[in-house]
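In what follows, a structure is listed as structure tokens, so that the remarks can point back to it.
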Amino acid sequence: MQRKKRDVTVWNGMSQSELLELAHEKLHWPTPQEILEPSGAGPSVYARIAREKLSRTISKLSDGDGVQIGVLSANPQGDSTETPIALVCDFPTEISEDTLRKTYQLAWSFSRTPSLITTEPNRLRIWTCYEEPPKEDDIINPVVNVSKQEIESFNQLSISGQAAETLRLHWADLVSGQFFQEHSQRFQRKQAADQMLLKNLKSVRESLQINKLDDDTIHDLLARIIFIQFLFDRQDSEGNPALNTTLLDYLYTTEKLLSAKYSRLADILRNHRDTYQFFRWLNGKFNGDLFPGKGATEEELTV
């Protein structure tokens, strides 16, 4: 299996769920090693970045320990930096919906593959990374959900019912793009995380222009927002972000800097005074280098 020591994963060539071996045997996918440890220059970089971005956070979840992360690439041995077909998370046990939602959120934010594949001991599911993660009360729906038994009994010579669903996962359909064409409504690029970010930034810019702000001020505000959100999202080796709800509570209850209790940057930005209070506090923490010459005077409260 795998051993952990100081966040270093030792892999023995077997997938935790054993579903990747089955997918290789029955659906002609690349081998588990080619998915979890691809040798090609391009795929190996994607796999390494995926592990860096997701592994620590997922492993800290109650049922995420032991997860193995890789990428399903058209040519695992190739040097091409072509976008992988899917991000793959192989779990040793069945996972809760909470863990699944967190994994889905991370995969969507990863924004480098059109799909996420999760494997557990008894099932394999494919999710789209081109749909914004559902809200807490909404149902999370996979594009395809097949059981281990269905894959084991799959026979191309006798295709009917659920077997047809399994056939859609055949390597030929995945690598050719046929799978994504058949589910084109679930794979709209405009819903990808990076595209949504650009759309939102454009919307904010247009709103600020309506308020007669000059371009320099608009660009400064957008730069601040992007960097501060990065501080909320970026996690240290213990999985803790630089800015979090604990800090926001402190600024509200102890420092009296904020006028309300906040949990997200978006909520702070709705309050003009608190926004600039927060900007100036951050600027002080960075010795005035974060937003040099900006947000330091009362006049700027009119911005």
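The values are calculated or read from the model by the stated rules, or taken from the named source; none is laboratory data. Model, not experiment: these values are computed from the prediction. Cβ sites come from the backbone with ideal geometry, for glycine too, and all protein chains shown count toward neighbours.
Can you name the residue in segment 32-59 that is closer than 13 Å to Asp90 by Cβ and among the β-branched types (Val, Ile, Thr) and is also nearest to the chain's Cα centre (by Cα) among such residues? Only one residue tops the list, namely Ile58. Looking at Leu258, Leu251, just one residue is part of a helix (DSSP H, G or I) and modelled with pLDDT of 85 or more, and that residue is Leu251. Of everything in segment 46-97 that is closer than 21 Å to Asn145 by Cα and of a type in the set (D, E, K, R), the residue that is surrounded by the most Cβ atoms within 10 Å (Cβ to Cβ) is Asp90.
Among the residues of segment 117-147, the ones that are surrounded by fewer than 20 Cβ atoms within 10 Å (Cβ to Cβ) and polar (S, T, N, Q) come to 4 in all. Of all positions in segment 90-104, none carries a residue that is more than 20 Å from Glu120 (Cβ to Cβ) and assigned by TED's automatic domain parsing to the domain that holds Arg125. Per the listing Ala41, Ala86, the residue uniquely closer than 19 Å to Glu132 by Cβ and among the hydrophobic types (A, V, I, L, M, F, W, C) is Ala86.
For segment 36-54, taking the residues that are within 17 Å of Gln16 (Cβ to Cβ) and out of contact with any Asp or Glu (no Cβ under 8 Å at 6 or more places or on another chain), the one that is modelled with the lowest pLDDT is identified as Leu54.
For Lys190, indicate whether it is exposed (fewer than 12 other Cβ atoms within 10 Å of the Cβ), part of a helix (DSSP H, G or I) and among the basic types (Lys, Arg). Spelling it out, Lys190 is indeed exposed (fewer than 12 other Cβ atoms within 10 Å of the Cβ), part of a helix (DSSP H, G or I) and among the basic types (Lys, Arg).
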